[in-house]
1. Go over the candidates 70, 31, 79 one by one and state the one that is within 14 Å of the chain's Cα centre (by Cα) and modelled with pLDDT under 95.
2. Test residue 40 against the criterion of being under 22 Å from residue 103 (Cβ atoms) and either of a type outside the set (D, E, K, R) or within 14 Å of the chain's Cα centre (by Cα) (or both), and give yes or no.
3. Quick check on my filter: what residues within region 77-115 are loosely packed, with under 14 Cβ neighbours inside 10 Å and assigned to a strand (DSSP E or B)?
4. For residue 29, all conditions in the list (1) aromatic (Phe, Trp, Tyr); (2) closer than 18 Å to residue 85 by Cα; (3) in contact with a helix residue (DSSP H, G or I) (Cβ under 6 Å, 6 or more places away or on another chain); (4) without any contact (Cβ under 8 Å) to a residue 24 or more places away in the chain hold save one; what is the number of the exception?
Amino acid sequence: NEEYNKNSEAKKIVLNIKKFFKGIDDKNYGYSYSLLSDSFKSNKYPTKEEFINYAKENFFQKNEIEYERYEKENGVYIYEVKITDATGTRHEERTVNIVIKLKSGTDFEMSFGEN
């Protein structure tokens, strides 16, 4: 926590995105689901099982993340990331917008949408 709090806001956002995809890569979908904002979950994935099904179908077994660009608007960061298969098995890519609002300490709200 101390190391996290020493970082810039932009670096904190990248660390939070990495946490989310580490959960996906480790098949710890419940952890990744827990990082999503409550309102996003209730609107898009009311149950953890719905999120797990989405993640299995739309993300890769291991995800390579490239940060294309970001913007900050009214305290909310929007990162456009390109996701590819880190195993090299599938030759496709997805572009995802990740929306994060930092809160106090290490707390944050996160949602995402595909382009």
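1. Working: 31 fails: modelled with pLDDT under 95; 79 fails: modelled with pLDDT under 95.
Selected residue: 70, the only one of 70, 31, 79 that is within 14 Å of the chain's Cα centre (by Cα) and modelled with pLDDT under 95.
2. Working: under 22 Å from residue 103 (Cβ atoms): yes; either of a type outside the set (D, E, K, R) or within 14 Å of the chain's Cα centre (by Cα) (or both): yes.
Taking the combined requirement at face value, the residue satisfies it.
3. Taking region 77-115 first, the residues loosely packed, with under 14 Cβ neighbours inside 10 Å are 87-93, 95, 103-107, 113-115.
The answer is 93, 95, 113, 114.
4. It fails just one condition, (4).
Each row is one residue, and each column tells you yes or no for (1) under 19 Å from residue 100 (Cα atoms); (2) out of contact with any strand residue (DSSP E or B) (no Cβ under 7 Å at 6 or more places or on another chain); (3) free of Cβ contacts under 8 Å to residues at least 60 places away in the same chain.
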position	(1), (2), (3)
11	yes, yes, yes
34	yes, yes, yes
48	no, yes, yes
56	no, yes, yes
60	no, no, yes
64	no, no, yes
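The values are calculated or read from the model by the stated rules, or taken from the named source; none is laboratory data. As the structure is a prediction and not an experimental result, all values here were calculated from the model. Every residue, glycine as well, gets a Cβ built from its backbone with ideal geometry; the counts of neighbours run over all protein chains shown.
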